[in-house]
Each structure stands twice: as C-alpha cells, then as structure tokens.
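Have a look at the structure below, then the notes.
The values are calculated or read from the model by the stated rules, or taken from the named source; none is laboratory data. Note that this is a predicted model, so its numbers are computed, not measured. Cβ placement follows ideal geometry from the backbone for every residue including glycine, while neighbour counts extend to all protein chains displayed. Accessible surface is based on the protein model in full, side chains and every heavy atom, while ligands, DNA and RNA are left aside. Shrake-Rupley method; radii C 1.70, N 1.55, O 1.52, S 1.80 Å.
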Amino acid sequence: QVQLVESGGGLAQAGGSLRLSCAASGRTFRRDEMGWFRQAPGKEREFVAAISWSGGSTNYAASVKGRFTISRDNAKNAVYLQMNSLKPEDTAVYYCAATRDYSSTGYPPSYRYWGQGTQVTVSS
C-alpha cells in the first residue's frame with residue numbers, strides 16, 4: 001500500500017521555525033517529483049514547494065520563497081520542508097504529494113499520491 005505520512009506540524013510563533021517531514025512507503029519514490037501544498041480554512045489548496053526526483057531542481061510559491069526550503073533524501077524515501085520566519089498567514093494544513101508528471105509542477109490534479117496532512121498554526 002502506497003502511503004505518504006507527514007509529521008512535524010504544530011504551533012509556532014511568528015518569526016519561528018518548523019520542519020515538516022514526509023515519509024513515503026509502499027514503493028520507491030526516487031523517480032517522483034515531490035511537492036508540498038497547503039490549505040487554509042475556506043481556501044483552496046495551494047502550491048508551496050516542489051523538488052525534482054534528483055533533488056537538483058526546486059520551485060517555490062512567491063509567498064514562501066526565501067523562507068522555506070524543500071529537500072529530499074531518496075535513500076530514506078523522505079522529503080522535508082524547512083519553514084523559517086513563519087507568519088500567521090502560513091497557518092494551514094500542509095500536505096505532501098508525489099507525481100511522475102514532470103511537466104505539471106505545482107498543479108494539484110497532476111499529483112497522484114497525497115498524505116493526510118499535518119496542521120501548522122502560527123500565532124502572532
């Protein structure tokens with residue numbers, strides 16, 4: 001059974017940091033592009049960051065560029081999101097996702113596998 005499981009969410013103060021992890025199981029994801037998305041209450045799911053299968057290319061939403069860093073460890077079948085300088089508007093449920101459609105970075109329907117999400121709450 002293919003699974004993506006996020007962890008590391010929680011409560012942080014504005015200006016603080018959190019590190020999210022996504023553990024993949026069921027098959028190797030070393031050929032998948034991995035992405036992080038988030039969804040705040042009453043809003044649509046939005047792209048946060050993506051990393052190519054090799055880790056050599058990354059993409060970020062403008063709202064998090066310079067503050068968040070995505071990375072992966074293919075040996076561990078894991079992907080991470082380091083979030084620094086957090087803002088209250090970063091509050092959302094964060095999802096890890098995987099795709100082998102390399103032409104649709106950041107487009108949620110192109111991601112085949114999704115985790116259940118982890119809550120991140122940033123207080124002002």
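Among the residues of segment 50-62, count how many are surrounded by 14 or more Cβ atoms within 10 Å (Cβ to Cβ), modelled with pLDDT under 95 and out of contact with any Asp or Glu (no Cβ under 7 Å at 6 or more places or on another chain).
Total meeting the criteria: 1.
Which residue out of Arg112, Arg100, Arg27, Arg72 is open to solvent by 50 Å² or more (accessible area, probe 1.4 Å) and under 15 Å from the mean Cα position of the chain (by Cα)?
Answer to the selection: Arg112.
Identify all residues within segment 82-124 that are in contact with a strand residue (DSSP E or B) (Cβ under 7 Å, 6 or more places away or on another chain) and part of a helix (DSSP H, G or I); write none if there are none.
Selection gives Pro88, Asp90, Pro108, Ser110.
To keep it simple, each residue is scored yes or no on (1) open to solvent by less than 60 Å² (accessible area, probe 1.4 Å); (2) on the phi > 0 side of the Ramachandran plot.
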site	(1), (2)
Val2	yes, no
Val5	no, no
Ser21	yes, no
Arg38	yes, no
Gly42	no, yes
Val48	yes, no
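Those residues that are without any contact (Cβ under 8 Å) to a residue 60 or more places away in the chain and open to solvent by less than 10 Å² (accessible area, probe 1.4 Å), I need them from segment 82-97; list them, please.
Asp90, Ala92
Are there strands (runs of 3 or more DSSP E) fully within segment 8-79 with at least 2 residues that are within 24 Å of Ser103 (Cα to Cα) and either among the acidic types (Asp, Glu) or in contact (Cβ under 8 Å) with a residue 40 or more places away in the chain (or both)? List them. Show your work before the answer.
Numbers: elements: 10-13, 18-25, 33-39, 46-51, 58-60, 68-73.
Answer list for segment 8-79: 18-25, 33-39, 46-51.
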